[in-house]
Amino acid sequence: MKVGVLALQGAFGLHERVLNRLDVAAVQVRTPEELAEVDRLVIPGGESTAISKLLDANGLADPLAGRLADGLPVLGTCAGLILLAAEVVDGYPGQHCFGAIDATVRRNGYGRQSESFHAPIDVEGWESPFPGVFIRAPVIASAGPDVEVLAELDGVPVLCRQGSVVVSSFHPELAEDDRIHRWFIEQE
Amino acid sequence: MAAESMSSRETGTPLVKRGLAEMLKGGVIMDVVTPEQAKVAEDAGAVAVMALERVPADIRRDGGVARMSDPEMITGIQEAVTIPVMAKARIGHFVEAQILEALDVDYIDESEVLTPADEAHHIDKWAFTVPFVCGATNLGEALRRISEGACMIRSKGEAGTGNIVEAVRHLRSIIGDIRKITQADSAELFDWAKQLRAPLPLVREVAETGWLPVPMFCAGGISTPADAGLVMQLGAEAVFVGSGIFKSSDPAPRAKAIVEAATNYRDAHILAKVSRGLGEPMPGLEIDGLETRLADRGW
């Protein structure tokens, strides 16, 4: 299995490091050719406006939309969540959202950096909480009926799944905890 | 969101502070002096903007004391863009930093580009919730800033010159010493700490991990896509562009080209494509002819 990490901008190196710890061959994806080769994809945290523009610059927007429509399993964290959402509120005009998960997100909904935080996240069926790190994070404002909410923080969804699409408002790549990545690569 | 009385949320921790720097990797942070420039930067794909009253080239030209920017101007830029906004405080001027924190900027640059306020002490950055970036010319300086609480290091270069030579010198010095330290035995690390005038635990951490404990970006003299590619290939994890964009003949396309260069820094074909027809870069300065070397500020 070849797991790609979208490497246009952001914390792609940290995702690679977690995947390598799990003995998974992770490859950086910057071109349509590289995207075509992967079996799964991680879209990292970063600035969603910058990543969105770089998707256009590198000719990746249409190929990525195509792979997502074909059911490519994908993990999107923070900016990755924004790119995978169906609708973005308070976003930058015209920024990509591919609608891979039926959710509306509010960009920077948790506030500026002064309000960035970490908090333990209780995930259904897990023995211990996951250390959630939220950096100028997007809020999942609403989720459609097909979206499975795997974890909430104060009643707001923070980790969700729809089919093979997994998204989080927080950054599992910043935690010394591999469970979300392991679960993503092991799911059918 | 009202965080109190709900889940236990910890703000301003080292991980949360370093986390934002991790999110800026592979990106370009641009100096802007007006909300309009901030929009140009965001439209070009900047990951953050540095709000300041004068770009370094103008600070150099005008002389005099350079201080923190007017809060009104910083607020105007915060309102204009959705990306993080950074601002500069003078070295050692912890009250300017307190004011910037009160303005809710996303990162403070304790910067040698402004006139230092303290000739012996940098700001105690642990005392703040807002994260700090500091400049460094060598590994010892970088580790001293990290020991004071900096969550991001940028190699200094020589701001406002459009000349990349100092940025290259500083990057090579920092990364070269990191390489040497990873080869040192445990006894030699004591001497490294002494020579670098840096805390031993940080020197040991560098020896074990082969990198700084925080991200390292590059600043000072970047004015073309090729410059961005050069410093990224040398090991910088993102770039700051100060005067290089808005002192060029056609800022918007140059800004976009530098953003694309920072992402595709190993692909010479893309670098060639984005370098075409950008107009005149900012006029450059020879380092030997400078009256003031900004990189010498800081201790």
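The values are calculated or read from the model by the stated rules, or taken from the named source; none is laboratory data. Every value quoted in this text rests on a predicted model; they were computed, and no experiment measured them. Quick reminder, even Gly has a Cβ in these numbers, built from the backbone with ideal geometry, and neighbours come from all protein chains shown. With ligands, DNA and RNA removed, areas are computed over all heavy atoms of the protein, side chains included. Shrake-Rupley method; radii C 1.70, N 1.55, O 1.52, S 1.80 Å.
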Problem - Test: residue in region B:131-146 that is farther than 21 Å from B:VAL203 by Cα and touching a helix residue (DSSP H, G or I) at 6+ places or on another chain (Cβ under 6 Å) - result: yes
Practice task
Please state which one of B:GLY235, B:GLY277 is away from chain A (no Cβ under 14 Å), open to solvent by 10 Å² or more (accessible area, probe 1.4 Å) and either more than 14 Å from A:LEU54 (Cβ to Cβ) or in contact (Cβ under 8 Å) with a residue 12 or more places away in the chain (or both).
Solution key: B:GLY277
Completion exercise
Apart from one, (1) polar (S, T, N, Q); (2) in contact with a helix residue (DSSP H, G or I) (Cβ under 8 Å, 6 or more places away or on another chain); (3) more than 30 Å from A:LYS53 (Cα to Cα) all hold for B:SER7; the odd one out is (2)
Problem - Any chance A:THR31 is among the polar types (S, T, N, Q), within 11 Å of chain B (Cβ to nearest Cβ) and surrounded by fewer than 22 Cβ atoms within 10 Å (Cβ to Cβ) - result: yes
Fill in the blank from the handout: From the option list A:GLU186, A:GLU173, single residue qualifying as under 25 Å from A:GLY71 (Cβ atoms), open to solvent by less than 10 Å² (accessible area, probe 1.4 Å) and not aliphatic (A, V, I, L, M) is A:GLU173
Practice task
Search region A:80-123 for residues being farther than 21 Å from A:ARG40 by Cα and β-branched (Val, Ile, Thr), and hand back the single one that is farthest from the other protein chains (Cβ to nearest Cβ).
Solution key: A:THR104
Fill in the blank from the handout: Residue pairs within 6 Å by beta carbon, gap of at least six or interchain, first lying in region B:168-192 and closer than 30 Å to B:GLY229 by Cα, second among the aromatic types (Phe, Trp, Tyr) and open to solvent by 40 Å² or more (accessible area, probe 1.4 Å), listed first then second, are B:ILE181/B:TRP192
Exercise for the section: Answer with yes or no whether A:GLN162 is open to solvent by less than 60 Å² (accessible area, probe 1.4 Å) and modelled with pLDDT under 95. Expected result: no
Handout entry: Residue satisfying condition, being more than 17 Å from the chain's Cα centre (by Cα), at pLDDT 95 or above, away from every other protein chain (no Cβ under 12 Å) and open to solvent by 10 Å² or more (accessible area, probe 1.4 Å), within set A:SER142, A:SER128
Key = A:SER128
Handout entry: From B:VAL16, B:VAL40, B:VAL49, residue being open to solvent by less than 10 Å² (accessible area, probe 1.4 Å), within 14 Å of chain A (Cβ to nearest Cβ) and more than 17 Å from the chain's Cα centre (by Cα)
Key = B:VAL16
Handout entry: Qualifying helices (runs of 4 or more DSSP H) (wholly inside region A:5-96; at least 2 residues being of a type in the set (S, T, N, Q))
Key = A:48-57
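Every residue, every condition in (1) open to solvent by less than 10 Å² (accessible area, probe 1.4 Å); (2) within 14 Å of chain A (Cβ to nearest Cβ), yes or no:
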site: B:ILE83; (1), (2): yes, yes
site: B:MET86; (1), (2): yes, yes
site: B:ASP104; (1), (2): no, yes
site: B:ASN138; (1), (2): no, no
site: B:GLU148; (1), (2): no, no
site: B:SER155; (1), (2): yes, no
Exercise for the section: List the helices (runs of 4 or more DSSP H) that sit entirely inside region B:1-110 and contain at least 1 residues that are among the small types (Gly, Ala, Ser) and touching a residue at least 40 places away in the same chain (Cβ under 8 Å). Expected result: B:14-24, B:35-44, B:56-62, B:71-80
Problem - Among the residues listed as B:ALA295, B:ALA252, B:ALA261, the single one being part of a helix (DSSP H, G or I), surrounded by fewer than 17 Cβ atoms within 10 Å (Cβ to Cβ) and in contact with a helix residue (DSSP H, G or I) (Cβ under 7 Å, 6 or more places away or on another chain) - result: B:ALA252
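For (1) at pLDDT 95 or above; (2) more than 16 Å from the chain's Cα centre (by Cα); (3) within 14 Å of another protein chain (Cβ to nearest Cβ), each residue gets a yes or a no:
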position: A:GLU47; (1), (2), (3): yes, no, yes
position: A:LYS53; (1), (2), (3): yes, yes, yes
position: A:LEU60; (1), (2), (3): yes, yes, yes
position: A:ALA69; (1), (2), (3): yes, yes, no
position: A:CYS78; (1), (2), (3): yes, no, yes
